[in-house]
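The values are calculated or read from the model by the stated rules, or taken from the named source; none is laboratory data. Remember, predicted model here, so these are calculated numbers, not experimental data. Cβ atoms come from the backbone with ideal geometry, glycine included; neighbour counts cover every protein chain shown.
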2 protein chains.
Amino acid sequence: MGMEQLGNEIRASLPGSLERLKNYLRLPSVSAQRQAIPETVDYVVQMLEEIGGQAKVLDEWGGNPVIYGYFAAGPEGDSSKTILFYNHYDVQPAEPLEEWNSPPFEPTLADGKLFARGVADNKGDLVARLTAIQVLQNNGGLPCNIKFLIEGEEEIGSPNLEPYLRTYQDLFQADACIWEFGNKDESERISMVAGIKGMAYLELTCEGAQIDLHSSVGAYVDNAAWRLVQALASMKNEKNEILVEGFYDGIVEPDAEVRLAVKELPFDEQAIVNRYGLKRPLITTAKRIDPREAMVFHPTMTICGLESGYTGEGAKTVLPKRAKAKVDCRLVPGQDPDHILVSVERHLLRHGFDDVKVSMVNGQRAYRSDYHHPFVAHVLQTARLVYDQEPVLAPNAAGTGPMYAFGKLLNLPIVSTGVGWAGSQVHAPNESIRLDDYEQGIMHMVLMLAGFSQALKTAEMHS
Amino acid sequence: MGMEQLGNEIRASLPGSLERLKNYLRLPSVSAQRQAIPETVDYVVQMLEEIGGQAKVLDEWGGNPVIYGYFAAGPEGDSSKTILFYNHYDVQPAEPLEEWNSPPFEPTLADGKLFARGVADNKGDLVARLTAIQVLQNNGGLPCNIKFLIEGEEEIGSPNLEPYLRTYQDLFQADACIWEFGNKDESERISMVAGIKGMAYLELTCEGAQIDLHSSVGAYVDNAAWRLVQALASMKNEKNEILVEGFYDGIVEPDAEVRLAVKELPFDEQAIVNRYGLKRPLITTAKRIDPREAMVFHPTMTICGLESGYTGEGAKTVLPKRAKAKVDCRLVPGQDPDHILVSVERHLLRHGFDDVKVSMVNGQRAYRSDYHHPFVAHVLQTARLVYDQEPVLAPNAAGTGPMYAFGKLLNLPIVSTGVGWAGSQVHAPNESIRLDDYEQGIMHMVLMLAGFSQALKTAEMHS
């Protein structure tokens, strides 16, 4: 089947595909708020079964259920090769609600875009992949076995995923994996990654008293908010240098080829500044380092939230009993989130902040696929056929996901790609995808699946 | 008239005095909620007139009316001397209502205490003062002229008071002033003050972007929360030293006698630690300085509130577009809130925090009466006659109020004392006074008024 006919097939499938996606988006499956989980699980199972897949709901290890999906290779296909898709049915909280131009759980089409919480991260990707399967089924059948792992706790750090992976290691076994999502960048290049950063999401709390005090006692009573501010300031200075001893321990240095690949990644500083309305130059500009390297190779320490005392209008003269900070450390391969936690604990004690307690909300290791695997080349090659601009494939993303357990337990290369765009506003109000990207994403998955077995076999023959 | 006979007279006046007070307390004059203001003004005028005073309602400068009250010296009295009482007829909101054991606006007698919103702050004080006037009228007449300024917006920061004071400077002219309220401390000592601290309540805001970003971009995008934390940390270090240049400008150093008076103030560190459940030693203990001196002479810089990004449960991986802090600086005599604002602005610029903006929510100067004024000694001396324990008179309170305009425009010494106790729960549910304290407060005012002219004249003769 030629590209043009394929394009027609995909366009014909779009109305039904979007209807399926909209119904999926109407389920407010916010894992952080424990919303709508059972209904969403039912809906995902229904989607898998409607297009001829088998579905299994796994829930014996607690947490939101993990859904296994399976589509066998067609009679003409190669049942010796299997691809695994990783997706999640949960979404980020929609707050702040007042900043949405349309209700977050009422998918809204406007200006060629579909707006809804989770549409880019990553309900759109799952439905695009299912649509690609349908298109292949209607055109000669599936060229290989296809598996899905669709979990429901990605947005809260996949705290329960690993036992499922361990228990069902054989069930999920595959030759390669397509990760949850992806997007086009500011220059309209599809931006794919073969790894992710890890995370140590910490909560720092200082408690100074049992009740809020009148602020006039600030002359002699110590203040939890000041203590927390001082503790945080001791961890990272105004030059954005992380000062926690042990933080950089264990980092695996990338090889020359990977470094080179990173140097060739596109990065348009001005576009980023404009996109987010940044008020200051990038950290990397101030530090005269390559933002591409920072993105891929440098760990981070980011304050995600601060909370203490009175935050309403006007003046309330209170000395707060408690102050809290949420701090997200993005880790690179070799860093261990448990070691990060211990290092921060030690740092606080060493600097006299024994009243500032730290706990880890979410810890995940980074993962970087073998950049030289033929699957990586195949995904890149098929992307070239679909997208107008030269595709981009970074050794790892700046973002995080539970990729480490997959890569380690299932021992396979992983590439993430998807249907988002540079303005998708993932995790923010007015999240969206563009319908043109959605269509191209389906096309990429059709071509990638069609040539998957052949690409791996050819490489095996040559090795 | 001897003390014993005076005691009998006061006891005889109590039933009528309490009836008057209860009717006053039934008026829910919450200025923040604009409740019952006209009825309360009428009632205060009625109370003044019922005991032979003149009353004038001033309202041309907007806000809730200011009431002027006047009682001329009796035929035997000294009409060359005038004392001014400052009170307010408005009260704090009663919320949270569910925490009250009796309805906040239905005065309830129990266990020797009278419970109602505003009874200690400061409706009880006004009626105690009026009762003292009645007792003196029934026993030879008033020994001096007595004026009242009773405003209706103290609990919302007296935003409209100053133009009334300026316009009616001559009307309110007096030789000395008794301020709104006071209370006994934990050790049953009457605790009086001859001044208050000022305030510069600041709001610091850092805005880094137009939208919240995904925290993974922390590798190259600067973070408003980190910026604010670093800016705050540059203003006060972990030793609680305020580092803002110019912050201490203009401070009037107290003289040796005032210092000595402060050294003699009671201060029970353990009681304070226990009352609030403090987790750390007092700042003053760590710095080896006298907490009494800190309370009276040291300005403060207190974080009242911090707000940025995600503060809910669990992990949300956001790089916040904005971070805010509320900072309450308590000022001592000589400090100027406008100069504090400018100094913080300059400090931020000098330290490279041009992205952190500061504004002032509320600025008030401190006021400290001339501690050597014979009026101060007279109030203290008469208190000694009434109270069992040695009275306490601090040169100024750790708290704040609109005293500066009075002291500056009317040029008079001011002492605050009243009928509260250590458990009065001012601004909180179950506000109360004890009837014994009420009786003693009346006695103190009777003696203070009786000897007022003489004390001032004797001092004039000796000077």
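Here are the numbers for the structure shown:
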quantity	calculated
Test result for B:Tyr220, touching a residue at least 40 places away in the same chain (Cβ under 8 Å), at the interface with chain A (Cβ under 9 Å from one of its Cβ atoms) and either aromatic (Phe, Trp, Tyr) or on the phi > 0 side of the Ramachandran plot (or both)	no
Of all residues in the range B:200-217 being of a type in the set (A, V, I, L, M) and facing another protein chain (nearest Cβ under 7 Å), the one that is farthest from A:His298 (Cα to Cα)	B:Ile211
Among residues of the range A:391-424, those that are closer than 22 Å to A:Asn362 by Cβ and within 14 Å of chain B (Cβ to nearest Cβ), counted	9
Criterion (within 30 Å of A:Ser424 (Cβ to Cβ), among the aliphatic types (A, V, I, L, M), part of a loop (DSSP other than H, G, I, E, B) and without any contact (Cβ under 8 Å) to a residue 24 or more places away in the chain) met by exactly one of B:Ala209, B:Ala315	B:Ala315
B:Lys197 being under 24 Å from B:Met445 (Cβ atoms) and charged (D, E, K, R)	no
Selection count where residues are on the phi < 0 side of the Ramachandran plot and at the interface with another protein chain (Cβ under 7 Å from one of its Cβ atoms), scope the range A:278-311	20
Single unsatisfied condition, B:Val41 versus (1) out of contact with any strand residue (DSSP E or B) (no Cβ under 9 Å at 6 or more places or on another chain); (2) surrounded by 14 or more Cβ atoms within 10 Å (Cβ to Cβ); (3) within 24 Å of B:Ala174 (Cβ to Cβ); (4) of a type outside the set (Gly, Ala, Ser)	(1)
Evaluation of B:Pro391 against (1) surrounded by fewer than 18 Cβ atoms within 10 Å (Cβ to Cβ); (2) at pLDDT 95 or above (one fails), failing number	(1)
Some residue of the range B:95-115 being in contact with a Ser or Thr (Cβ under 8 Å, 6 or more places away or on another chain), under 22 Å from B:Val193 (Cα atoms) and of a type outside the set (Phe, Trp, Tyr)	no
Flag for A:Ser158 being at pLDDT below 90, within 26 Å of B:Gly309 (Cα to Cα) and polar (S, T, N, Q)	yes
Single unsatisfied condition, A:Glu238 versus (1) modelled with pLDDT of 95 or more; (2) surrounded by fewer than 21 Cβ atoms within 10 Å (Cβ to Cβ); (3) within 13 Å of chain B (Cβ to nearest Cβ)	(1)
Selection within the range B:3-31 - loosely packed, with under 13 Cβ neighbours inside 10 Å and either more than 21 Å from B:Leu435 (Cα to Cα) or basic (Lys, Arg) (or both)	B:Arg11
Total residues in the range B:67-87, condition assigned to a strand (DSSP E or B) and out of contact with any Lys or Arg (no Cβ under 9 Å at 6 or more places or on another chain)	2
Residue under evaluation B:Leu126, criteria (1) assigned to a helix (DSSP H, G or I); (2) surrounded by 24 or more Cβ atoms within 10 Å (Cβ to Cβ); (3) touching a helix residue (DSSP H, G or I) at 6+ places or on another chain (Cβ under 7 Å), criterion not met	(3)
Residue within the range A:27-34 that is over 25 Å from the mean Cα position of the chain (by Cα) and in a helix (DSSP H, G or I) present	no
Among (1) closer than 30 Å to A:Glu99 by Cβ; (2) buried (at least 19 other Cβ atoms within 10 Å of the Cβ); (3) of a type in the set (Gly, Ala, Ser), the one test that B:Ala294 misses	(1)
Candidates A:Lys263, A:Lys197, filtered to the one that is charged (D, E, K, R) and within 12 Å of chain B (Cβ to nearest Cβ)	A:Lys197
Residue check, B:Lys316 in contact with an Asp or Glu (Cβ under 9 Å, 6 or more places away or on another chain) and at pLDDT below 95	yes
A:Glu49 in a loop (DSSP other than H, G, I, E, B) and charged (D, E, K, R)	no
Pick from the range A:268-279, criterion assigned to a loop (DSSP other than H, G, I, E, B) and surrounded by fewer than 19 Cβ atoms within 10 Å (Cβ to Cβ), ranking: modelled with the lowest pLDDT	A:Asp268
Check on B:Ser343, among the hydroxyl-bearing types (Ser, Thr, Tyr) and in a strand (DSSP E or B)	no
Selection count where residues are touching a residue at least 12 places away in the same chain (Cβ under 8 Å), under 30 Å from A:His351 (Cβ atoms) and part of a loop (DSSP other than H, G, I, E, B), scope the range B:226-260	8
